[in-house]
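Report on the following structure.
The values are calculated or read from the model by the stated rules, or taken from the named source; none is laboratory data. Computed from a predicted structure; not experimentally measured. All Cβ positions, glycine included, derive from the backbone under ideal geometry; neighbour counts span all protein chains shown. SASA here: full protein model, heavy atoms, side chains in, ligands and nucleic acids out. Shrake-Rupley method; radii C 1.70, N 1.55, O 1.52, S 1.80 Å.
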Amino acid sequence: GLAKVLADRGVAGHVVGHPSMFSLFLADEPPTEFRHSVRHDAHTYDAVVFRMIEKGVMPCPDALEPWFLNAAQTLDDADLAVEAFSDSLDEVLAG
């Protein structure tokens, strides 16, 4: 869902990692090593994540740390997180 939101808005970014432990990397190319983290758009990431937190969704505010899913979360929880991400990204892009 996060990758689709990025693609729908034309934002360069990648969801990397395993389905239950992944990172959101905002850059043209996905990272293949730690040094690529300098290409990440930390300003946009921070702005989106803190807006998500205001909406009650708690992704890790450190872009170098993964986001986690667990067995207690439902598809509704995932939909809520994607919706919060979508709304937050739209707010950041609107200025």
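Okay, here's what the table says:
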| item | result |
| --- | --- |
| Test: residue in region 53-68 that is aromatic (F, W, Y), closer than 16 Å to V92 by Cα and under 13 Å from the mean Cα position of the chain (by Cα) | no |
| Single residue of region 9-24 satisfying the filter (in contact with a helix residue (DSSP H, G or I) (Cβ under 8 Å, 6 or more places away or on another chain) and open to solvent by less than 50 Å² (accessible area, probe 1.4 Å)) that is farthest from V82 (Cα to Cα) | A12 |
| Leading residue by the ranking (most open to solvent (accessible area, probe 1.4 Å)) among those in region 46-72 that are among the aliphatic types (A, V, I, L, M) and assigned to a helix (DSSP H, G or I) | I53 |
| Options S37, S86; residue that is surrounded by 12 or more Cβ atoms within 10 Å (Cβ to Cβ), over 17 Å from V5 (Cα atoms) and in contact (Cβ under 8 Å) with a residue 24 or more places away in the chain | S37 |
| Test for V15: is it modelled with pLDDT of 90 or more and not in a helix (DSSP H, G or I) | yes |
| Qualifying residue in region 30-43 (condition: hydrophobic (A, V, I, L, M, F, W, C) and modelled with pLDDT of 95 or more) | no |
| Matching entry among L6, L75 (being loosely packed, with under 11 Cβ neighbours inside 10 Å and either touching a Gly at 6+ places or on another chain (Cβ under 9 Å) or among the aliphatic types (A, V, I, L, M) (or both)) | L75 |
